[in-house]
Amino acid sequence: MNKNIEHYVFHKENFLDEKFCENSINELDKCDWEKHDWYSPRTDSKNSPSGDNEPEYIRNDLNKVVKINEFIIQNLHSVILEYIENYKFDWFAGWEGYSAMKFIRYFPGQTMQNHCDHIHHMFDGERKGIPTLSIIGILNDDFGGGELIMFEDKKIDTKKGDLIIFPSNFLYPHKIAPVTEGVRYSYVSWVW
């Protein structure tokens with residue numbers, strides 16, 4: 001086992017083709033977007049630490065993007081297997097599932113604060129588990145800024161259609177630098 005934690009950040013280039021990404025953005029722009037917020041288990045409340053600089057996401061309009069969501073999910077299974085097989089995790093051979101996509105849109109000035117993915121909202125009593133892997137997909141690259149930063153200072157270079165997979169725990173802090181121009185479109189999902 002490699003003891004360098006950066007080794008477990010998996011970058012799948014061209015996971016989605018350019019045309020699919022462009023069509024997805026066109027469909028996503030027709031949806032209703034809401035300001036991103038954060039849940040704090042300590043206070044049992046939601047907040048927006050970046051204020052007006054929080055990005056937007058689709059929460060209540062997912063039925064309009066079912067085909068996009070289903071296509072990504074259908075293709076995601078093989079990449080998760082590739083991740084596990086690439087690292088030869090004999091002790092981690094399976095998972096229960098993964099969440100629907102959460103689509104996120106960043107306008108200039110918007111950012112995602114440094115955080116780790118201790119996601120709780122997808123476990124509603126019927127679904128049980130903990131997130132084990134985080135997935136970040138990029139739908140475009142015609143924007144300025146908006147870099148994925150991991151481990152406080154490591155920039156992960158991504159292009160349209162790329163996918164990043166890494167463990168969902170406190171050892172993998174990540175953030176999105178402020179977008180400086182254009183609009184950044186991405187999606188996230190979590191494996192449990």
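The values are calculated or read from the model by the stated rules, or taken from the named source; none is laboratory data. Just so it is clear, the model here is predicted, and its values are computed rather than measured. Glycine also receives a Cβ, built like all others from the backbone with ideal geometry; neighbour counts cover every protein chain displayed.
Descriptive notes on the structure:
- Boolean, Tyr8 is over 27 Å from Gln74 (Cα atoms), of a type in the set (Ser, Thr, Tyr) and touching a residue at least 12 places away in the same chain (Cβ under 8 Å): no
- Qualifying residue in the stretch 127-138 (condition: assigned to a strand (DSSP E or B), surrounded by fewer than 19 Cβ atoms within 10 Å (Cβ to Cβ) and in contact (Cβ under 8 Å) with a residue 24 or more places away in the chain): no
- For the stretch 54-94, a residue qualifies if it is out of contact with any helix residue (DSSP H, G or I) (no Cβ under 9 Å at 6 or more places or on another chain) and polar (S, T, N, Q), and the qualifying residues are Asn60, Asn63, Gln74, Asn75, Ser78, Asn86.
- With respect to the stated conditions, Asp52 is surrounded by fewer than 15 Cβ atoms within 10 Å (Cβ to Cβ) and either within 30 Å of Thr180 (Cβ to Cβ) or of a type outside the set (Asp, Glu) (or both).
- When the stretch 174-192 is filtered for residues that are closer than 24 Å to Tyr8 by Cβ, modelled with pLDDT of 95 or more and more than 13 Å from the chain's Cα centre (by Cα), only Ala177 remains.
- Extreme residue, surrounded by the most Cβ atoms within 10 Å (Cβ to Cβ), among residues of the stretch 81-113 that are modelled with pLDDT of 90 or more and over 25 Å from Glu70 (Cα atoms): Met112
- Ser24 vs. criteria over 18 Å from the mean Cα position of the chain (by Cα) and surrounded by 10 or more Cβ atoms within 10 Å (Cβ to Cβ): no
- Remark: pairs (first residue in the stretch 142-164, at pLDDT 95 or above; second residue among the basic types (Lys, Arg) and outside any strand (DSSP E or B); Cβ separation under 8 Å; 6+ apart in sequence or on different chains) = Asp142/Lys160.
- Residue pairs meeting the criteria (Cβ under 7 Å; at least 6 apart or on separate chains; first assigned to a loop (DSSP other than H, G, I, E, B), in the stretch 33-47; second exposed (fewer than 14 other Cβ atoms within 10 Å of the Cβ)): Asp37/Lys46; Asp37/Asn47; Asp37/Ser48; Pro41/His120
- Restricting attention to the stretch 48-75, the residues that are in a helix (DSSP H, G or I), touching a residue at least 24 places away in the same chain (Cβ under 8 Å) and polar (S, T, N, Q) add up to 3.
- Pairs where the first residue, in the stretch 79-107, is over 23 Å from Cys21 (Cβ atoms) and the second is loosely packed, with under 15 Cβ neighbours inside 10 Å, C-beta under 6 Å, 6+ apart: Glu96/Gly129
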